[in-house]
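Heads up, the thing below is written out as structure tokens.
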Amino acid sequence: MRRPLLSFDKVLIANRGEIALRVVRACREMGIASVVVYSEADAHSLPVHLADEAICIGGPAPRDSYLNIPAIISAALISGAQAIHPGYGFLSEDFDFAEVCKEHGLVFIGPPPEVLQRFHDKSETRGALRDIGVPVVPGSEGLLRTASEALRVAEAIGYPIMLKARAGGGGRGMRRVSSPSELQRMWEQARAEARSSFGDEGIYLEKNLEGVRHIEAQILVDDAGAAVCLGERDCSIQRRHQKILEEAPSPTLSEELRRSIARTATDAAAELGYRGLGTFEFLVDRSGNFYFIEVNARLQVEHTVTECITGIDLVKEQLRLATGEPLSFSPEQVWINGHAIECRINAEDPANNFAPMAGTVQTYLAPSGPGIRIDSHLFPGYEVPAYYDSLLAKVIAWGRDRAEAIARMQRALDELTITGIVTNVAFHKRVLGSDIFRSGEVTTHLLDMLGVEAIA
Ligand code: ADP
């Protein structure tokens, strides 16, 4: 067990954009000095401006800066930071990085390296959860070695199936396959792609579940192994397996199912020795069966909706847990209040197959008023670099119920003005105004199946 510190004096933030800003804000509220590391492309960015200290660590390409472990560790040691918050993406689930932090006497704000390693391999994680009795999507037991093995497993569970890279993430490394001949054709291609994208050709297979919702449980586990679930998020509005709008609580789960998913996540976390903040992800079918898909051992983009309905600041809890302190609340003090929705505003062009856009923001007017929260690093004159993901802003709306949250979100998106760069704001407005979204009966394949144009 780590020796409890009461709090950190100084934390380094190894990330950029809105999430770097989010962590700077949590540190400021806790009286912790913040150090932001940044690439040359982010020199004129809001986290760099608002942090207590900022250190340039390299060129724009991620491998030269946000993935440059020696440069990040040097910056931490030179600045006298005691801990590193990795945000999401980049090094946030990298067990080597967590290990290097430890070797240098720095606290990695996230699960310990051995926990990250255990949950890194999606195929092994599936096996571990299945072994303790958690329902997983039917599929292969471990990695597949040959195309004929894949064909045998697929035959047994039935098509369509999904080939998945064990090291995949962010909606990448997944392929739907609907017949044996397609599987035969795709096999080598899927392996080659996994090798080039993730440096690992390990592939496993799952049944492709149709008509399901993506439901994830937010958990926190302290150093003593006490696990708490802060309810679920529904992230069924996706495009190509990437989340674009999330809400909490899920509009369709029964109380019984909600409790059952929460209990499954906390029991599994406790049994498998999980530590810190994390998310257990499931697919849920119409009959209320749920199947585990993966663990995200980090803060997620959509953590905000959970914060809105619980009133608990997840980044502060993460910082607290990393010092070895217990959580600031007990499970009995968790109250779910109202409904929250998050829209990811991306620099991308829906009319051009959602191609990412770089450019300079001319005007930026953020919405405000009752129930609205904006997490964004935008400002007029901000140059959106082409090197990173396309997230510009998260608009989060809270209401006493779902209808009020939707109405507030629509009002906020009407107020939001971003010019100089193409965004997906109009697309979000169409989703929010559609009957299918308002009915709450959305499934993960909706947008891909109907086509974006169908949301009208
Ligand atoms: P990633 O780590 O890349 O986000 P996930 O395993 O979390 O990958 O899956 C992302 C999304 O892909 C899910 O929310 C779901 O929409 C879809 N998906 C994943 N596995 C399956 C499956 N077996 N059947 C149907 N859809 C799936």
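State whether the residues of the range 142-152 include one that is open to solvent by 20 Å² or more (accessible area, probe 1.4 Å), touching a residue at least 12 places away in the same chain (Cβ under 8 Å), under 25 Å from ASP267 (Cα atoms) and within 20 Å of the chain's Cα centre (by Cα). No, there is no match, as no residue in the range 142-152 is open to solvent by 20 Å² or more (accessible area, probe 1.4 Å), touching a residue at least 12 places away in the same chain (Cβ under 8 Å), under 25 Å from ASP267 (Cα atoms) and within 20 Å of the chain's Cα centre (by Cα).
All conditions in (1) assigned to a helix (DSSP H, G or I); (2) crowded, with 23+ Cβ neighbours inside 10 Å hold for TYR274, with the sole exception of (1). Between SER254, SER236, SER250, SER196, the distinction of being farther than 28 Å from GLU404 by Cβ and either out of contact with any strand residue (DSSP E or B) (no Cβ under 7 Å at 6 or more places or on another chain) or within 16 Å of the ligand (Cβ to nearest atom) (or both) belongs to SER196 only. Which one of these is in contact with a helix residue (DSSP H, G or I) (Cβ under 9 Å, 6 or more places away or on another chain), at pLDDT below 95 and open to solvent by 40 Å² or more (accessible area, probe 1.4 Å): ILE436, ILE455? Of the residues listed, the single one that is in contact with a helix residue (DSSP H, G or I) (Cβ under 9 Å, 6 or more places away or on another chain), at pLDDT below 95 and open to solvent by 40 Å² or more (accessible area, probe 1.4 Å) is ILE436.
Looking at VAL361, VAL315, VAL284, VAL301, just one residue is open to solvent by less than 30 Å² (accessible area, probe 1.4 Å), out of contact with any Lys or Arg (no Cβ under 8 Å at 6 or more places or on another chain) and β-branched (Val, Ile, Thr), and that residue is VAL361. The set of residues from the range 151-176 being touching a strand residue (DSSP E or B) at 6+ places or on another chain (Cβ under 6 Å) and either part of a loop (DSSP other than H, G, I, E, B) or away from the ligand (no atom under 12 Å from the Cβ) (or both) comprises VAL153, ALA154, PRO160, GLY171.
One residue stands out in the range 187-214 among those that are free of Cβ contacts under 8 Å to residues at least 40 places away in the same chain and of a type in the set (Lys, Arg): the one that is most open to solvent (accessible area, probe 1.4 Å), namely ARG195. For the range 126-139, does any single residue satisfy the condition of being assigned to a helix (DSSP H, G or I), within 12 Å of the ligand (Cβ to nearest atom), open to solvent by less than 20 Å² (accessible area, probe 1.4 Å) and at pLDDT below 95? Within the range 126-139 (the criterion being assigned to a helix (DSSP H, G or I), within 12 Å of the ligand (Cβ to nearest atom), open to solvent by less than 20 Å² (accessible area, probe 1.4 Å) and at pLDDT below 95), the answer is no, since none of the residues qualifies. Determine if the range 177-186 includes at least one residue that is surrounded by fewer than 16 Cβ atoms within 10 Å (Cβ to Cβ) and within 15 Å of the ligand (Cβ to nearest atom). Yes: the range 177-186 contains one or more residues that are surrounded by fewer than 16 Cβ atoms within 10 Å (Cβ to Cβ) and within 15 Å of the ligand (Cβ to nearest atom).
The values are calculated or read from the model by the stated rules, or taken from the named source; none is laboratory data. Values in this document were obtained by computation on a predicted structure and should not be read as measured data. Every residue, glycine as well, gets a Cβ built from its backbone with ideal geometry; the counts of neighbours run over all protein chains shown. For accessibility, only protein heavy atoms count, side chains too; no ligands or nucleic acids. Shrake-Rupley method; radii C 1.70, N 1.55, O 1.52, S 1.80 Å.
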